[in-house]
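Nothing in this text is a laboratory measurement; each read-out follows from the coordinates by a stated rule. Predicted model, so just to flag it, every value in this text is computed and none were measured. So basically every Cβ, Gly included, is an ideal-geometry build from the backbone, and we count neighbours across all protein chains shown.
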Amino acid sequence: MIRRRAAALACVGLSLVALVLAGRVHAQQSATDLMIQSRSQEQPQPSARRIALPPGNPLELLRVDGNVFMIAGGPSNITVQIGEEGVLLVDAGTAEMSDRVLEAIHVLSERPINYIIDTAPDKDHYGGNEKLGVAGVNPTVAPRGLTGPGSTATENPGGGNNPQLLRPQGAIVFAHENLLHRLSAPTGETPLEPFALWPTSTFFTRTKTISFNDEAIEMLHPAAAHTDGDVMVFFRKSDVIATGDIINTLRYPFFDRTRGGSIQGILDALNDVIDITVPRFNQMAGTHVVPGHGRILNEADVVEYRDMMTIIRDRVKLGIEEGKTLTQIKAMRPTLDYDGLYSVPSWTGEMVIEAIYEELRQPASRTPTAP
Amino acid sequence: MKRVLPFIAVSVLLASPASAQMDLSGEWVAHTDEDQPHRVPGAELGDYTGLPINAAARQKADSWDASILSQPEQQAKPHPAQYFMRGPRPDVRWTKIVDPVSGRLIAYTMVGTFGRADRTIWMDGRPHPSAFAEHTYAGFSTGEWVDNALKVTTTHMKTAFIQRNGVPSSYRAVMTEFFVRHGNNLLMLSVVDDPIYLEEPLVRTQNWVLAENQHVGPAIPFEIVDELADRPRGWVPHWPIGTRHTEFAERFGLPFEATRGGKESLYPEYMKKIEQLKRDVSAIAGAKAEQPPSPPTEPTR
């Protein structure tokens, strides 16, 4: 009996020592990383380390910079800002991934989701509005039992687009007004999406700002870019900008002319991003960029992307100026040098050429929508 | 003897990695006598000789206009990992990073490349980052000893170049380097594998000598200035499709096609093709000589 107890105690002791040593090694590794980073101009690279998610969760969680993280591996990227006040999301992904997204968010913070900002009228960006929104808390509504304006929807029903009235228990969902127009419909007509997926607060101006988690946050509306309802979100203190589908590192940027997008709007928006970003040292690190799809970027990557689209646009433009037909311009293969990186079946280099050609020839014409 | 044999075997097994692993830390001065014109002045416009590039890379390189270096965003770019070990020098310092508790080698750092995209070569077995992680000019490098060579695998590099005349390398490239120390000499063999822009892996070598009187100084930031007052927003200079940069071929008396690179041009048999191309060019020139003269061809924007 004594021998068993001694063995058990020894096991517990060894486990404790192992735990302490494991923690110590982890701490030492972090210290070593910091030591290297302080010597190197290229570092830091916060996203180089994966943040562990619960087993079975197929998503990836990466730190971008400051208080900002990225959930990747789903149909679109979701940007997460955390802090003492709560959680803010840029984009909500699809409804199918919402449970996994909530799991990932809980790895970072136990605080509620207070805000969601939709960047584009595409379901892979707003599809999770309902589930994530309902899981969150409206920061402008006082908790039950407390007095004050908007303590319940009945006491202070508000009016019009008042978020307290629409979703009193959930997070506020911001979007550009044109996104709401795309999802909703006039009374009596069938909307594209049910009410629960609509944003709860919209704006029609070029910018909208809020302060959250001790950080100034700018919502920027690039006119006529991917669509006419796009939003980019700049986290001033963390020095991160989430661009939505203005940038997609997995394919050419999709400018949907049927929904108010344009190649010129894409180029203008990319130049806006370059104006905002500041490298830390010799065109390295500094402001980080979270695209709608794909990997984390900094200014140099955005410049490469902007240069690519400018060059392709110029090649098509020159072909038109030389009197070439669309077929002749396609035969020049203006996207050959970029197709290996960015041409995908749903939005090929040829489709990009056609869309640019149509825009340059007939600015008001319409092009097919990519799936 | 039977009792001793296992100990000898274990000792030999344990000793062999230690004897193969050389300390690479120190200051190393580069030898740039190999391919000096390509490295120090830099390759001429349109010179793709010795590069196993494909048609996509050729088109991107032909479009490259040196004026793009006047873009404010391009002026302070460092040389990228795919190129900096074979650029002008680099004289570098390798430093060991040792875990203060276990004494284990955690990493080597290497500093001194142009623009100071300083490298860290992780030796602690950590995995490479997610495909969604940021790509950098230095890339993400891990190292392991293979016999007497330090094998370094680098991923997460930026879309950049493998030669300073616009020959591209994509962010999907993977670079494998082997560093071997022979006394005070350090040899590197690098292999860049790029599924987007190369037909075959690009293989290059480089040498350094230990330099006890060298000290790589601090990293200096490059200043960005406005070089052009009338530069419009979003200005991206480039040569149009179809531009033929023929100056290099003309200067060295080579057929233009022989300057275009490609995997075929890497092998000795290509010399025969160059001779054939020369004969073809002579035949065309002979035929043209019988016709009235035409103005010289120059690149046009």
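Within the range A:323-337, residues that are more than 10 Å from chain B (Cβ to nearest Cβ) and farther than 14 Å from A:Arg313 by Cβ sit with their Cβ atoms under 8 Å from residues that are among the aromatic types (Phe, Trp, Tyr) and surrounded by 18 or more Cβ atoms within 10 Å (Cβ to Cβ), at 6+ positions apart or across chains, in these pairs: A:Leu326/A:Tyr357.
Residue under question is A:Met351, and the condition is that it be assigned to a helix (DSSP H, G or I) and within 10 Å of another protein chain (Cβ to nearest Cβ); does it hold? In short, no. Output the residues belonging to the range B:63-89 that are touching a Ser or Thr at 6+ places or on another chain (Cβ under 9 Å), more than 9 Å from chain A (Cβ to nearest Cβ) and assigned to a helix (DSSP H, G or I). Within the range B:63-89, B:Ala81, B:Gln82, B:Tyr83, B:Phe84 meet the criteria. Here the condition is being more than 12 Å from the chain's Cα centre (by Cα) and within 8 Å of chain A (Cβ to nearest Cβ); of B:Ala149, B:Ala138, B:Ala131, it holds for B:Ala131 alone. When B:Val111, B:Val174, B:Val152 are screened for being in contact with a helix residue (DSSP H, G or I) (Cβ under 9 Å, 6 or more places away or on another chain) and aliphatic (A, V, I, L, M), only B:Val111 passes.
Could you tell me whether B:Leu202 is aliphatic (A, V, I, L, M), surrounded by 20 or more Cβ atoms within 10 Å (Cβ to Cβ) and away from chain A (no Cβ under 14 Å)? When the stated conditions are applied, B:Leu202 passes them.
Taking the range A:46-88 as the range and being at the interface with chain B (Cβ under 10 Å from one of its Cβ atoms), part of a loop (DSSP other than H, G, I, E, B), within 26 Å of A:Pro279 (Cβ to Cβ) and under 19 Å from the mean Cα position of the chain (by Cα) as the test, only A:Asn77 passes. Only one entry in A:Leu270, A:Leu341 is touching a Ser or Thr at 6+ places or on another chain (Cβ under 7 Å), part of a helix (DSSP H, G or I), of a type outside the set (D, E, K, R) and within 11 Å of chain B (Cβ to nearest Cβ), namely A:Leu341. Taken over the range B:123-140, residues that are crowded, with 23+ Cβ neighbours inside 10 Å and either of a type in the set (D, E, K, R) or touching a residue at least 24 places away in the same chain (Cβ under 8 Å) (or both) amount to 5.
Tell me, which residue of the range B:240-269 that is of a type outside the set (D, E, K, R) and surrounded by fewer than 15 Cβ atoms within 10 Å (Cβ to Cβ) is nearest to the chain's Cα centre (by Cα)? Restricting to residues being of a type outside the set (D, E, K, R) and surrounded by fewer than 15 Cβ atoms within 10 Å (Cβ to Cβ), the top hit is B:Tyr267.
Considered as a group, the residues in the range B:90-108 that are closer than 24 Å to B:Val192 by Cβ and either in a strand (DSSP E or B) or more than 13 Å from the chain's Cα centre (by Cα) (or both) include one that is nearest to the other protein chains (Cβ to nearest Cβ), and that residue is B:Ala107.
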